[in-house]
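**Q** One structure coming up, written as structure tokens, with questions to follow.
Every read-out reported here was derived from the displayed coordinates using simple, explicitly stated rules and does not represent laboratory data. The model shown is predicted, which means the values in this text are computed figures rather than measured ones. Positions of Cβ are backbone-derived with ideal geometry, glycine not excepted, and every protein chain shown enters the neighbour counts.
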Amino acid sequence: MAAPRPLSRFWEWGKNIVCVGRNYADHVREMRSAAPSEPLLFLKPSTAYAPEGAPVLLPTYTRDLHHELELGVVLGRAGRAVPEAAAMDYVAGYALCLDMTARDVQDECKKKGLPWTLAKSFTASCPVSAFVPKERIPDPHRLKLWLKVNGELRQEGDTSAMIFSIPYLISYVSKVMALEEGDLILTGTPKGVGPVKENDEIQAGIEGILSMTFKVQRAEY
């Protein structure tokens, strides 16, 4: 039997990125959106992964790129229609993630009733930290997340404020699509999302666990 692949480099596996929108009430209010009655899902391609050391790419077709700070859940085993009570058994660990969003493009998509693919799924639109084994985070619903741009605090939130819990999200997603080992679920962003520009430095962290740094660079295509 082949040895398991190291999850410390899970983004190299080309796995799925499932994102949850509007999962913090304060962010719902700041975006003037309706609170969801069930999770709002969208996808990013595997080419959206950007490990620390790689740049955050600013697409040529947006003038309003925003940061959205999120806790990512890394699946350690495959599953389908996972019961909520058993969902945490499928978690291998966590990562801090950024859901980079072309806000002007997203606004136009919303007006026209179009999917958010252009706004959310461009190359390097999902910067990720190093993998954190779940043993280091006994309760993922009691984490403080923060994000700074050029040293200025922009986002600060607590995962206890999630509308839908991590077990609920895993169960819900697995009833829509089969989950695979190494898949990443982004669990939503707290308030404070805002714009970045070329050459900005983004720093983000999970208090007491890890931090990461990314530079914004204009895409050449």
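**Q** Any chance you could give the angle, 0 to 90 degrees and rounded to 10, that helix 103-112 forms with the longest Cα principal axis of the chain?
**A** Compared with the principal axis, the helix lies near 80 degrees.
**Q** If you don't mind, another one. Where nothing but the Cβ of Lys and Arg (+1) and of Asp and Glu (-1) is charged, how large is the charge dipole of the chain around its Cα centre, in debye to the nearest 20?
**A** On the way: 26 positive and 27 negative charges, 71 e Å.
It works out to roughly 340 debye.
**Q** Given the DSSP H assignment, sum -39500 (n - 2.57) over each helix run of at least 4 residues in the chain and divide by its residue total; what's the result at 222 nm in deg cm²/dmol, nearest 500?
**A** Values: 4 runs with 31 residues, N = 221.
Only helices count here, giving -3500 deg cm²/dmol.
**Q** Which one, Lys148, Lys120, Lys110, has the greatest fluctuation when you compute a Gaussian network model over the chain with C-alpha springs under 10 angstrom?
**A** Lys110
**Q** Then there's this: For the stretch 164-221, state the semi-axes of the equivalent ellipsoid (square roots of 5 times the eigenvalues of the alpha-carbon gyration tensor), sorted largest first and rounded to whole angstrom.
**A** Values for the stretch 164-221, descending: 29, 17, 12 Å.
**Q** Something else now. Once you keep just the Cα pairs under 8 angstrom separated by 6 or more residues, what percentage relative contact order results for the stretch 9-218?
**A** Reported as a whole number, the value is 34 percent.
**Q** I'd like to know which of Pro51, Ile209, Pro115 lies farthest towards the positive end of the charge dipole of the stretch 9-218, counting +1 on Cβ of Lys and Arg and -1 on Cβ of Asp and Glu.
**A** Projecting each Cα onto the dipole axis, the largest value belongs to Pro115.
**Q** Give me the tail of P(r) for the stretch 15-67 as a percent: Cα-Cα pairs with distance above 14 Å. Intermediate results must be reported in sequence, preceding the final value.
**A** On the way: 939 of 1378 pairs.
The answer is 68 percent, as a whole percent.
**Q** Could you please rank Glu38, Glu207, placing first whichever residue has the fewest other Cβ atoms within 10 Å of its Cβ?
**A** The most exposed by this proxy come first: Glu38, Glu207.
**Q** Place a +1 charge on the Cβ of each Lys and Arg in the stretch 28-148 and a -1 charge on the Cβ of each Asp and Glu, then give the dipole magnitude about the Cα centre in debye, rounded to the nearest 20.
**A** It works out to roughly 140 debye.
**Q** Using 0.36 nm times the number of residues separating Ala130 and Ala161, minus their current alpha carbon distance, what extension gain do you get? Display every interim value, and only then the final one.
**A** Values: separation 31, 0.36 × 31 = 11.16 nm, distance 2.37 nm.
Full extension of this stretch gives 8.8 nm more.
**Q** Next up: Towards the positive end of the charge dipole of the chain, with charges on Cβ (+1 Lys, Arg; -1 Asp, Glu), say which of Ala86, Ser129, Leu96 has the farthest Cα.
**A** Ala86
**Q** Moving on. What per residue convex hull volume, in Å³, do the alpha-carbon atoms of the chain yield? Can you show the working numbers first?
**A** Values: hull volume 27.2 nm³, N = 221.
Considering the Cα atoms of the chain, their hull volume per residue is 123 Å³.
**Q** Going by how many other Cβ atoms sit within 10 Å of their own, how do Leu40, Leu184 line up, fewest first?
**A** Neighbour counts put them in this order, fewest first: Leu40, Leu184.
**Q** Sticking with this structure for a sec: Give, in nm to one decimal, the length gained when the segment between Glu220 and Asp107 is fully stretched (0.36 nm per residue of separation minus the Cα-Cα distance). Let's see the in-between values first.
**A** Values: separation 113, 0.36 × 113 = 40.68 nm, distance 2.38 nm.
Residue separation times 0.36 nm, minus the Cα-Cα distance, leaves 38.3 nm.
**Q** Could you work out how far helix 166-176 tilts from the main Cα principal axis of the chain, as a 0 to 90 degree angle to the nearest 10?
**A** Helix 166-176 sits roughly 90 degrees off the main axis of the chain.
**Q** Assign unit charges at the C-beta atoms only (+1 for Lys and Arg, -1 for Asp and Glu), then state the dipole size of the stretch 152-221 relative to its Cα centre in Debye, rounded to the nearest 20.
**A** Roughly 220 debye for the stretch 152-221.
**Q** Another question, then. Arrange the following residues from fewest to most other Cβ atoms within 10 Å of their Cβ: Leu169, Leu153, Leu75.
**A** Taking fewest neighbouring Cβ atoms as first place, the list is Leu153, Leu169, Leu75.
**Q** Moving to a separate point now. What does the charge add up to near Val216, with Lys and Arg as +1, Asp and Glu as -1, over the other residues with Cβ less than 10 Å from its Cβ? Don't jump to the answer; show the numbers that get you there.
**A** On the way: positive: Lys197, Lys215, Arg218; negative: Glu198, Asp200, Glu201.
After counting each charged neighbour, the total is 0.
**Q** Comparing Glu68, Glu181, Glu84, which has the greatest mean-square fluctuation in the GNM of the chain with Cα pairs linked when under 10 Å apart?
**A** Looking only at Glu68, Glu181, Glu84, the biggest GNM fluctuation is shown by Glu84.
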